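What follows draws every value from the coordinates through simple rules; no lab data is involved. Just so we're clear, the structure is a prediction, and the values are computed from it rather than from any experiment. Because the Cβ atoms are built from the backbone with ideal geometry, glycine has one as well, and the counts that use them run over all protein chains shown.
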Amino acid sequence: MKKADRGEEPHGAARGPSAAFLLAQVGAHAAQKFGERLSGLNLAPAHAGILRILGRTPAITQQALADALGMVASRLVALIDELEERGLAERRENAEDRRRYALHLTAQGRSTLEAIGRVAREHQQALLKSLSSDEQQLLALLLERVAADQGLVRGVHPGYARLGMPPEGRENP
């Protein structure tokens with residue numbers, strides 16, 4: 001593999017991998033490891049993120065949730081169906097608009113959300129164990145600035161926008 005392919009400076013420069021490459025490398029690794037940890041709960045990261053939002057925003061509509069996640073609404077319906085089948089979430093009539101459903105966590109969903117929180121804390125500890133507490137806080141602050149500058153929605157993984165989309169970025173027919 002060429003140095004340029006690894007994000008390194010060409011022509012023998014001794015600077016090593018670029019910050020952008022390291023962000024991508026660590027991000028991909030972190031996502032994979034988090035997915036592996038969640039598999040112990042029989043969940044995918046997409047499910048965990050949806051449960052987290054439902055825990056913070058009870059009675060959110062499917063459309064509002066899809067908009068918040070920046071994802072294809074039809075793919076969200078399938079994910080909510082999966083959560084509902086597992087008894088983790090439920091659709092209820094929306095008091096403000098009977099044409100829409102309000103999404104809620106069930107008691108089992110709240111319990112699962114607590115388990116996700118434990119998995120996330122263990123994941124963070126394992127991932128950042130080489131950094132002091134102060135360094136971890138500084139890293140989080142710096143990454144928040146980069147994320148905000150890039151227009152990323154706080155607390156929403158950009159991968160939701162790709163769910164249900166083919167590689168070219170067009171919605172599935």
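Tabulated values for the structure
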| quantity | calculated |
| --- | --- |
| Residue 59-residue 115 FRET efficiency (beta carbon distance; Förster radius 25 Å; 0.05 resolution) | 0.65 |
| Within the chain: Cβ-based charge dipole about Cα centre, in debye rounded to nearest 20 (Lys, Arg +1; Asp, Glu -1) | 140 |
| Potential lengthening between residue 140 and residue 99 on full extension [0.36 nm per residue; Cα-Cα distance subtracted] | 10.7 nm |
| Segment residue 31-residue 106, extension gain: residue separation times 0.36 nm, minus the distance between their alpha carbons | 24.4 nm |
| Net lengthening on full extension, residue 161/residue 124 (0.36 nm per residue, minus Cα-Cα) | 10.9 nm |
| Inter-label distance, nm, simple model (7 Å from Cα along the C-beta direction), residue 133/residue 86 | 3.3 |
| Protection proxy ranking, peptides 51-58, 76-83, 96-103, average beta carbon neighbours within 10 Å, highest first | 76-83, 51-58, 96-103 |
| Stokes-Einstein diffusion coefficient of segment 42-148, Kirkwood radius over Cα pairs, 25 °C, 0.890 mPa s, in µm²/s | 159 |
| Theoretical ellipticity at 222 nm over the chain - DSSP helices of four or more residues, -39500 (n - 2.57) apiece, nearest 500 | -17500 deg cm²/dmol |
| Bins of 10 Å, starting at 0 and running to the largest distance - Cα pair percent for segment 120-165 | 23, 40, 31, 6 |
| Kyte-Doolittle mean at least -1.0, axial Cα span of 15 Å or more - DSSP H helices of the chain | 19-39, 45-56, 73-85, 107-127, 133-149 |
